[in-house]
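See structure below.
Derivation of every value follows stated rules applied to the coordinates shown; laboratory data play no part. Just so you know, these numbers come straight off a predicted model, no measurement behind them. Neighbour counts run over all protein chains shown; Cβ positions are idealised from the backbone, glycine included.
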Amino acid sequence: MSADAQKKAAGEAAAQLVEDGMVVGLGTGSTAAWFVKALAARKLDIKGVPTSDGTADLARDLGILIVGLDDVRRVDLTVDGADEVGPGLSLIKGGGAALLREKLVWEASSRCVVIADAAKQVKALGRFPLPIEVVRFGHIHTGQRLADIAAEFDLPPPRLRKSDRGLVITDGGNLIYDMASGRIDAPAALGEALKSVTGVVDHGLFLDLADEALIGTDDGVVRLTP
Ligand code: 5RP
């Protein structure tokens, strides 16, 4: 089974968790897009809180009622993808540069379900470079402070994310630095250190946030809990 078929299976399984009347957090990325499509096909009476402009456009096009995070008191269920799913459902997110809105929606949610293809499961986080969102003002200085932190954790300096069209700008107007590591031995300590830098808005370590994972595998969708 291809990775995309596994993503689709996980997204479709997650769509079955949604019930009429729910406020649903809509993740970002190719796996979350499968969830949004399967959810729209169910034609439930729900409100969707998107985690990116791209997801908002997709959901709206498919007929899902879109509201902002501040339009609701609480999100009942958020379903989102991940770049890595590690021990205890620790995650790296932000490959799609949506980590800030994703984390805000996750933290406002009663239940968070991560969906992924089997290749995303890892024994230790860090194979995927850790995205760090920073404000544009003074970002070279912020990047230097990130490099200092990386050195403390025996990691190479993070790199500013660029695409063919130039610097990658997030929906919030910020930049992304990617911290390639190979292996993050102390994710909580690293996350705290990164958050202590003034120019850092947030990072892609999602620790103690996922309540369950639905992983698409060749043998079907496997449910994991922390
Ligand atoms: C976006 C994310 C995505 O959930 C993550 O990059 C996974 O993407 P995909 O489902 O396309 O593999 O964190 O910021």
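For the chain, the relative contact order is 24 percent, taking Cα pairs closer than 8 Å that sit 6 or more residues apart in sequence and dividing their mean separation by the residue count.
Annotation: extensible slack from residue 73 through residue 44 equals 8.4 nm (criterion: 0.36 nm per residue apart, minus Cα-Cα distance).
Can you give the extra length, in nm with one decimal, that the chain gains between residue 223 and residue 19 once fully stretched, where that is 0.36 nm per residue apart less the Cα-Cα distance? Please list the in-between numbers first.
Details: separation 204, 0.36 × 204 = 73.44 nm, distance 1.88 nm.
71.6 nm is the gain from fully extending residue 223 to residue 19.
Evaluated with a Cβ-only charge set (Lys, Arg +1; Asp, Glu -1), the stretch 130-203 carries a dipole of roughly 280 debye about its Cα centre, given to the nearest 20.
Please identify every one of the trypsin sites (Lys or Arg not before Pro) in the stretch 17-105 that sits in a loop by DSSP and has no more than 14 other beta carbons within 10 Å of its own beta carbon. Here the trypsin sites (Lys or Arg not before Pro) that fit, given the DSSP loop and packing criteria, are 43, 73, 74.
In whole Å and largest first, what semi-axes does the C-alpha gyration tensor of the stretch 130-203 yield when each eigenvalue is scaled by 5 and square-rooted?
Values: eigenvalues 79, 34, 23 Å².
Semi-axis lengths for the stretch 130-203 are 20, 13, 11 Å.
The alpha-carbon of residue 43 sits under 12 angstrom from the alpha-carbons of these aspartates and glutamates, leaving out residues fewer than 8 places away in its chain: 19, 20.
Above 12 angstrom, tally the Cα pairs of the stretch 1-55 and express them as a % of all pairs, no decimals. Could you put the intermediate results ahead of the total?
Working: 916 of 1485 pairs.
So the pairs more than 12 Å apart make up 62 percent of the total in the stretch 1-55.
Give 103/162; 37/123; 8/195 a once-over and call out the pairs whose C-alpha atoms are over 26 Å from each other. Where the Cα-Cα span goes over 26 Å, the pairs concerned are 37/123; 8/195. Could you give log10 I(q)/I(0) at q = 0.19, 0.20, 0.26, 0.30 Å⁻¹ for the stretch 104-160, computed by the Debye formula over C-alpha point scatterers of equal weight, without solvent? Relative scattering, expressed as log10 I(q)/I(0), comes to -0.91, -0.93, -1.03, -1.17. With the convex hull drawn over the C-alpha atoms of the chain, the volume per residue is 120 Å³. Applying 1/(1 + (r/R0)^6) with R0 = 25 Å to the Cβ-Cβ distance of residue 168 and residue 141 gives a FRET efficiency near 0.85. Taking 0.36 nm per residue of separation and subtracting the current Cα-Cα distance, fully stretching the chain between residue 152 and residue 212 would add 18.4 nm. When the charge dipole of the chain is built from unit charges on Cβ atoms (+1 for Lys and Arg, -1 for Asp and Glu) and taken about the Cα centre, the candidate among 167, 184, 125 whose Cα reaches farthest toward its positive end is 167. Taking the fewest neighbouring Cβ atoms within 10 Å as the starting point, the ordered list for 203, 139 is 139, 203.
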